[in-house]
Amino acid sequence: MPALTDFSPAELLLVVHERHAPLLRQLLRLTFLDLLRKEALSLEHRYSQPHPSDPAVLYTYVCAGPMLGAYSYLPHEKPLLELFLQDPSFQTQFRQYVRMLMQRVGSVRAYYQLILQNDRTAELFIHASWWRRLIGYITPTTQGSNFDQFVRNELINLDKQLVRCANQPTAETQTWLHNLQGLLFLLPSFTSPVGRQLETEMRELEHVEGTSDAGGSTWNDCADTFDSHCPSHDGHSGCGGHGDGHGHSSDSGCSSGCSGCSSGCGGCGGVD
């Protein structure tokens with residue numbers, strides 16, 4: 001089996017998702033977080049006070065990261081980087097970035113095709129007839145089905161370790177988190193305020209513009225869960241891993257432990 005860290009989080013989600021049809025906002029969230037981790041993108045927070053009598057408001061800007069110039073991007077990562085590749089000094093408010101990103105990507109089916117342009121992922125799926133590709137119908141090969149089960153099992157085992165590491169903020173834990181790379185974002189117990197904000201902005205745009213995500217269902221239709229896609233280690237679907245019983249993700253795991261992952265623990269690069 002190929003190493004899981006050879007694949008991007010979005011590629012792995014396409015493999016393990018029910019019916020291999022994740023929502024566009026799930027795929028973009030994972031890709032965005034991974035590009036922040038790799039420092040191809042970065043976030044800056046600035047206060048703005050248009051008038052002295054107005055309260056200062058904190059805005060988040062998306063900017064080119066320090067590693068962008070040397071980064072070799074995948075086809076499905078290009079839409080998130082293109083504006084900064086054209087002009088490394090370009091920066092924009094987070095909400096405007098999300099709007100421009102969705103316009104550039106178009107449909108979830110178009111994004112599936114970008115992911116499948118990578119040969120290592122494409123070989124896991126049958127090259128369906130044109131009309132099946134058009135409607136986003138993706139069928140795994142035997143190799144793809146075996147890899148799907150392998151990834152699911154690995155993610156469940158890794159999530160068990162993530163829960164344990166929440167109570168063990170040691171140097172070894174930091175190293176382990178760092179070595180997870182983008183796999184961290186797929187674990188049911190991982191939560192990310194930045195990822196949640198990105199997905200919320202996309203939901204609001206869909207509502208305002210009267211569009212809907214043409215992808216398949218979320219993982220077991222956990223519509224309120226932003227940071228879980230795979231089965232948790234207790235055998236239930238990934239509705240937050242350790243949620244409150246109502247489909248809302250808790251902050252057990254990295255964002256509430258592991259020596260303060262929200263401030264940058266190496267494993268998640270401070271992206272949440």
Förster radius 25 Å - calculated FRET efficiency between SER107 and THR60 (Cβ-Cβ, nearest 0.05): 0.40
Extended-chain gain in nm, criterion 0.36 nm per residue less alpha-carbon gap, SER145 and THR175: 7.7 nm
Candidate residues LYS38, LYS78: accessible-area rank, largest first, probe 1.4 Å: LYS78, LYS38
Shape call, region 22-96: gyration tensor on alpha carbons, a/c limit 1.5: prolate
Computed FRET value (nearest 0.05) for GLN93 with THR5, which takes r as the C-beta separation and R₀ as 35 Å: 0.60
Apportionment of accessible area to carbon and sulfur, region 1-101, percent (1.4 Å): 51 percent
Pair ARG152, GLU206: separation of 7 Å Cα→Cβ label points (nm): 2.4 nm
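Please work out whether region 1-55 counts as rounded, prolate or oblate from its C-alpha gyration tensor, where a ≥ b ≥ c are the square roots of the eigenvalues and a/c under 1.5 means rounded, while otherwise a/b larger than b/c means prolate and anything else oblate? Working shown, then result.
On the way: a/c = 7.04, a/b = 2.39, b/c = 2.94.
Note, shape of region 1-55 comes out oblate.
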1.4 Å probe accessible area per residue over region 62-198, in Å²: 50 Å²
Within region 1-152: Cβ-based charge dipole about Cα centre, in debye rounded to nearest 20 (Lys, Arg +1; Asp, Glu -1): 440 debye
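How much net charge surrounds LEU158 when only other residues with a Cβ under 12 Å from its Cβ are counted (Lys, Arg +1; Asp, Glu -1)?
+1
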Compactness of region 56-189 - radius of gyration and Dmax, Cα, Å: 18.8, 57
Label-point gap, in nm, between TYR137 and ARG196 - each point 7 angstrom along Cα→Cβ: 3.9 nm
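The values are calculated or read from the model by the stated rules, or taken from the named source; none is laboratory data. Note that the coordinates shown come from a computational prediction; the quantities given were computed from them, not determined experimentally. Neighbour counts are summed over all protein chains in view; Cβ atoms, including those assigned to glycine, are modelled from backbone coordinates with ideal geometry. Just the protein is used for accessible areas: all its heavy atoms, side chains included, with ligands, DNA and RNA removed. Shrake-Rupley method; radii C 1.70, N 1.55, O 1.52, S 1.80 Å.
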